[in-house]
Every structure is written in C-alpha cells, then in structure tokens.
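Report on the following structure.
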Amino acid sequence: MRAALLTAGGAAFGAVGKDTLSQAFGWDRPPVSGGYAAAADAPEALRTANLTIRYFVETTEPVVAFTFDDGPGPQWTPMVLDALDQANIPATFFMVGRNLEEHADLVRDRMGRHEIGNHSWSHDDLATLDRAGVETELSRTHDMIKKVFHRETTLLRPPYGHLGGSTVLAADHFGYEIVLWSHLMREKYFQDDPDGQIRDIVDNVRPGSIILAHDVGKPHRLVSLRGLSAMFSGLKARGFRFGTVSELAALQTRPTPPPLTTA
C-alpha cells in the first residue's frame, strides 16, 4: 500500500509540475536563505540594542494617526490630500519608491504638514528576501524620499505587514522604527455599506490608534477614501485630535518604574 501511495504521489507531483508546487508551498523562495531566518543569525549586523515595532501608542491623549500606503498615485492621492487639507489634518504616507519616482510632481509641494515613511521600492514581500535584497529595496526608497522632499525618513512599514529577520536587521541598519497598525479599513467587508466603514472607524478607534488606509489600489478601496471627511468629522465629534505617527509616538506614556528596595 505504501508503495502504491508513493507511486501515486509521484505521479501527482509530475502532473502538477515542480514549479507549481514550489510556488504553492513557497519552495521557490526558501527560508534558509531568505527573510524568515531569525535576526539573531547575524548578530554582527546589529547596530542598536532595541528596535521598535509599533502597532499603536499607549496614551490617554485622544489622538490618532491616519496612515496611507502604496502611493503616490494619480487617481487617489490628490483626493486624500484634498480631504486632509480641508480638515486641516496631518497624516503619515508610507510611499513606494518607484511610485514616488514616477509621480513626484503630484506630492512634491503638498506634504508640508505630513510625514513620509518607507514602504519599499517595489512593494515586494520583504520577508522573502535576504538582507541585501531588503536593504536595496529600502535604500532606493530612502534616497528617493530625500531627493524629492529634502528630508530623511525614520519610519518603515513593510509591505503586507510581513516581517522577517532580514527586514528587522535592515530596519536596524537604517535606524528605522517599524510601524504596523491597530485599525485598518475593511473595504471589501463594507463594499455594500460605505456608511458601515465610517462607523467602524469612528466608533472603534481609541487614543493612540494607528489607522491603515491606501491611496493606491483596487476600486473597492474607494469605500474608505470617499468616507474620510465623515470619519474626520465623526472622530472630532468624539473629541479626537490627529497627528502623524511620530507626533503620536511622542505622547507615549512612560511606565512608572518600581520603587527601589533596600536591604
């Protein structure tokens, strides 16, 4: 029976094809040489003792940060900037380097109050790359941000929120803080109920929330972008203020150290 099963398995493997199975199981990008390896495998590459990976900020201040990924792009980035300008709200944009290179004129003079973060050059899954590959993705975008805006960025959001050891090491190399999120737009879920997407954000964020949206992508993402003004108004009615990720992080509550004990 075992021989029969092995024979059948071999036949199935042959019918499906090695390349198909490799892609299905990730064998075409093996973790042995890729980003899933532990960051501790290369301690000589570490520059600092600690690296911040931030989902939200611990604060009692009623402040939240809106973040926008994947841009800039000609379809929606101007719409997002218009909504932010109308409400006089700052935000943080995690930009894809090749998109910034192509559409720099869209945003060159419109980012004064906003913060810019690194979202890689090509939006590849950094967790599948080795450290050299990740550093190339990040350095190209870092340099493009500096070229266009004449400022340095200190924030990284890895595409898809995927982290691997090589990404952690590369973030440490650039002195980046890794920023993820605590609330995200669920446009597919609310595709037939745009007001529901607005309520989901307005009713559920809390002080220190980092909110994820996108200013480039598929049409369903318009569910959230068209509702931005209503979200801003609803959150203001709840007493919330708005800041960039770095402004929000500055409000981090510092834990009180335990009292010293004496013998």
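The values are calculated or read from the model by the stated rules, or taken from the named source; none is laboratory data. Keep in mind it's a predicted model, so treat the numbers as computed, not measured. Virtual Cβ from ideal backbone geometry, glycine too; neighbours counted across all protein chains shown. For the accessible areas, the whole protein counts, side chains as well, though only heavy atoms, and no ligand, DNA or RNA atoms are used. Shrake-Rupley method; radii C 1.70, N 1.55, O 1.52, S 1.80 Å.
For region 186-219, the candidate set comprises residues that are within 21 Å of the chain's Cα centre (by Cα), of a type outside the set (Lys, Arg) and open to solvent by 50 Å² or more (accessible area, probe 1.4 Å); within that set, the residue that is nearest to Thr77 (Cα to Cα) is Pro219. Inside region 135-164, residues that are farther than 14 Å from Asp124 by Cα, in a loop (DSSP other than H, G, I, E, B) and open to solvent by 20 Å² or more (accessible area, probe 1.4 Å) make up a count of 4. In a residue-by-residue description of region 169-182, the property of being without any contact (Cβ under 8 Å) to a residue 60 or more places away in the chain, touching an Asp or Glu at 6+ places or on another chain (Cβ under 9 Å) and open to solvent by 30 Å² or more (accessible area, probe 1.4 Å) applies to at least one position. Scanning region 220-251 for residues that are in a helix (DSSP H, G or I) and either within 19 Å of Met95 (Cα to Cα) or open to solvent by less than 10 Å² (accessible area, probe 1.4 Å) (or both) returns Arg221, Leu222, Ser224, Leu225, Leu228, Met231, Phe232, Leu235, Val245, Ser246, Glu247, Leu248.
Pick from Arg131, Arg186, Arg151, Arg140: which is without any contact (Cβ under 8 Å) to a residue 40 or more places away in the chain and either of a type in the set (Asp, Glu) or out of contact with any Asp or Glu (no Cβ under 7 Å at 6 or more places or on another chain) (or both)? Only one candidate passes the filter, namely Arg151.
Among the residues of region 182-219, which ones are assigned to a helix (DSSP H, G or I), under 17 Å from Ser233 (Cα atoms) and not aliphatic (A, V, I, L, M)? Can you show your working first?
Going through region 182-219, the residues assigned to a helix (DSSP H, G or I) turn out to be 194-204, 219.
The next check asks that each one be under 17 Å from Ser233 (Cα atoms); those that pass are 194-204.
Matches in region 182-219: Pro194, Asp195, Gly196, Gln197, Arg199, Asp200, Asp203, Asn204.
Within the group Lys236, Lys218, which residue is out of contact with any His (no Cβ under 9 Å at 6 or more places or on another chain), at pLDDT 95 or above and basic (Lys, Arg)?
Lys236
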